1. If the requirement is being within 27 Å of ASP153 (Cα to Cα), polar (S, T, N, Q) and surrounded by fewer than 20 Cβ atoms within 10 Å (Cβ to Cβ), which of these qualifies: GLN68, GLN24, GLN60?
2. Given the criteria open to solvent by 10 Å² or more (accessible area, probe 1.4 Å), over 13 Å from the mean Cα position of the chain (by Cα) and more than 17 Å from ASP56 (Cβ to Cβ), does THR119 qualify?
3. Inside the range 74-112, can you point out the residues that are among the acidic types (Asp, Glu) and part of a helix (DSSP H, G or I)?
4. Take the conditions open to solvent by 10 Å² or more (accessible area, probe 1.4 Å), charged (D, E, K, R) and at pLDDT 95 or above and apply them to ARG10. Does it pass?
5. Going by the structure shown, is ASN129 exposed (fewer than 15 other Cβ atoms within 10 Å of the Cβ), of a type in the set (S, T, N, Q), at pLDDT below 85 and closer than 21 Å to ASP96 by Cβ?
6. Out of the residues in the range 96-116 meeting the condition of being of a type in the set (S, T, N, Q) and over 18 Å from LEU20 (Cα atoms), tell me which one is most open to solvent (accessible area, probe 1.4 Å).
7. Looking at the structure I just gave you, is GLN28 more than 15 Å from the chain's Cα centre (by Cα), outside any loop (DSSP other than H, G, I, E, B) and of a type outside the set (A, V, I, L, M)?
8. Could you please find all residues in the range 143-163 being open to solvent by 100 Å² or more (accessible area, probe 1.4 Å) and among the basic types (Lys, Arg)?
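The values are calculated or read from the model by the stated rules, or taken from the named source; none is laboratory data. Remember, it's a predicted structure, so these values are computed and weren't measured experimentally. Cβ placement follows ideal geometry from the backbone for every residue including glycine, while neighbour counts extend to all protein chains displayed. The area values use the complete protein model at the heavy-atom level, side chains included, leaving out ligands, DNA and RNA. Shrake-Rupley method; radii C 1.70, N 1.55, O 1.52, S 1.80 Å.
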Amino acid sequence: MLEEYEGDKRIWDISGTNYLGEWQSEQQDYHFSYYGGIWGWATWRQTWEKYDPEMDLWGQETVKRRLQDVLASRSQYEYLRTVYERTYEGEIETWDYQWGFARHINSGLSVVPAQNLVTNVGFGDNATNTTDESSNMANIPRGNIEFPIDSHDYVAVDRKFDREFHKLRTSWWERIAALRYFSDAVLRRI
């Protein structure tokens with residue numbers, strides 16, 4: 001995939017993670033999403049150079065409106081607005097939300113496999129962020145994609161996948177007391 005999409009400015013990273021486990025694998029080997037997994041991923045130097053750990057652009061209202069336009073979903077925007085604001089303010093210590101922010105404000109897409117190819121073995125009491133071993137993102141079964149991988153004749157976001165991932169992610173978020181920050185009104189919209 002790195003070779004396939006090298007030079008395509010729409011594609012920002014290649015992910016080995018499919019948090020849903022499997023998504024339309026009988027129809028395709030991979031799809032495009034605004035949400036790539038950070039467990040088993042790759043990108044290109046020229047794309048990574050746009051990464052800003054300080055998220056300087058988050059302070060601009062026009063950037064927040066642009067993010068809302070890109071996502072085309074109020075609940076996804078509200079979730080990310082909260083996450084990005086807390087990351088920008090230093091309340092969440094991580095590196096990956098900043099990567100997602102850079103990708104989002106540039107309308108960048110991730111290549112996501114139709115079947116999950118990565119298992120994060122870092123869940124548990126000694127983990128920094130993934131302490132909940134019962135999380136719906138822990139122990140995602142690994143699939144098997146056969147090579148060669150069929151290429152797409154198009155590049156377009158799979159919004160249905162993004163909606164399903166959003167539901168999964170927000171249910172995980174709600175279970176972690178340290179991260180709960182949404183108002184009841186926002187969660188009802190999801």
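1. GLN24
2. Numbers: open to solvent by 10 Å² or more (accessible area, probe 1.4 Å): yes; over 13 Å from the mean Cα position of the chain (by Cα): yes; more than 17 Å from ASP56 (Cβ to Cβ): yes.
So THR119 passes the test.
3. GLU78, GLU85, ASP96
4. yes
5. Numbers: exposed (fewer than 15 other Cβ atoms within 10 Å of the Cβ): yes; of a type in the set (S, T, N, Q): yes; at pLDDT below 85: yes; closer than 21 Å to ASP96 by Cβ: yes.
Considered against the rule, which asks whether it is exposed (fewer than 15 other Cβ atoms within 10 Å of the Cβ), of a type in the set (S, T, N, Q), at pLDDT below 85 and closer than 21 Å to ASP96 by Cβ, ASN129 comes out as yes.
6. Just the residues of the range 96-116 that are of a type in the set (S, T, N, Q), to begin with: 98, 106-107, 110, 115-116.
Keeping just the survivors that are over 18 Å from LEU20 (Cα atoms) gives 98, 106-107.
On the way: GLN98: 13, ASN106: 74, SER107: 34 Å².
Checking each candidate, the answer is ASN106.
7. no
8. LYS160, ARG163
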